[in-house]
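Participant: Here it is: the structure, laid out below.
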């Protein structure tokens with residue numbers, strides 16, 4: 001792609017002050033192109049600064065994407081239930097990375113011979129939203145002085161709660177029969 005002199009000057013100016021990553025983000029010019037421009041300036045000595053880890057591996061974007069998966073995840077994407085109280089978990093092989101990122105823990109507890117309880121614990125959405133809002137380039141909250149109360153919630157589902165005594169007896173008979 002051909003770039004104008006203005007684009008090149010702007011990208012190099014930003015790179016000199018704020019780094020290649022920021023120059024690429026703000027101008028839309030690939031970092032590798034800006035690096036080539038910078039290194040091809042006649043008489044310029046290459047800057048012998050180590051490239052920060054976050055810039056090498058795009059960690060800022062990856063961290064933000066993971067936080068967004070948790071912040072905007074929805075329990076109904078991994079669990080379905082109907083008006084009768086029947087609960088169905090989506091098989092783990094069918095979950096997208098974003099859906100899987102939301103789940104912190106799944107615990108199945110069996111009490112007695114019939115009763116079964118499934119506990120699904122999600123990651124802390126409020127903490128993820130707070131972290132996302134405080135990211136400097138998002139700018140929803142100031143990074144210092146903001147007070148946000150975090151209340152992590154755990155959701156439990158007992159799949160046998162909605163069954164009558166007769167239905168429970170039938171299940172026991174099916175299991176034992």
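The values are calculated or read from the model by the stated rules, or taken from the named source; none is laboratory data. From a predicted model like this one, the values you see are computed outputs, not experimental measurements. So basically every Cβ, Gly included, is an ideal-geometry build from the backbone, and we count neighbours across all protein chains shown.
Participant: In region 1-44, how many are surrounded by 15 or more Cβ atoms within 10 Å (Cβ to Cβ), under 22 Å from residue 136 (Cβ atoms) and more than 32 Å from the chain's Cα centre (by Cα)?
Facilitator: 1
Participant: Check residue 63 against each of (1) under 24 Å from the mean Cα position of the chain (by Cα); (2) modelled with pLDDT under 80 and name the one condition it does not meet.
Facilitator: (2)
Participant: Does region 75-88 contain any residue that is surrounded by 13 or more Cβ atoms within 10 Å (Cβ to Cβ) and part of a helix (DSSP H, G or I)?
Facilitator: Yes, region 75-88 has at least one match.
Participant: When the residues of region 95-110 are filtered to those that are loosely packed, with under 13 Cβ neighbours inside 10 Å and touching a strand residue (DSSP E or B) at 6+ places or on another chain (Cβ under 8 Å), which remaining residue is modelled with the highest pLDDT?
Facilitator: So, considering only residues that are loosely packed, with under 13 Cβ neighbours inside 10 Å and touching a strand residue (DSSP E or B) at 6+ places or on another chain (Cβ under 8 Å), the one modelled with the highest pLDDT is 105.
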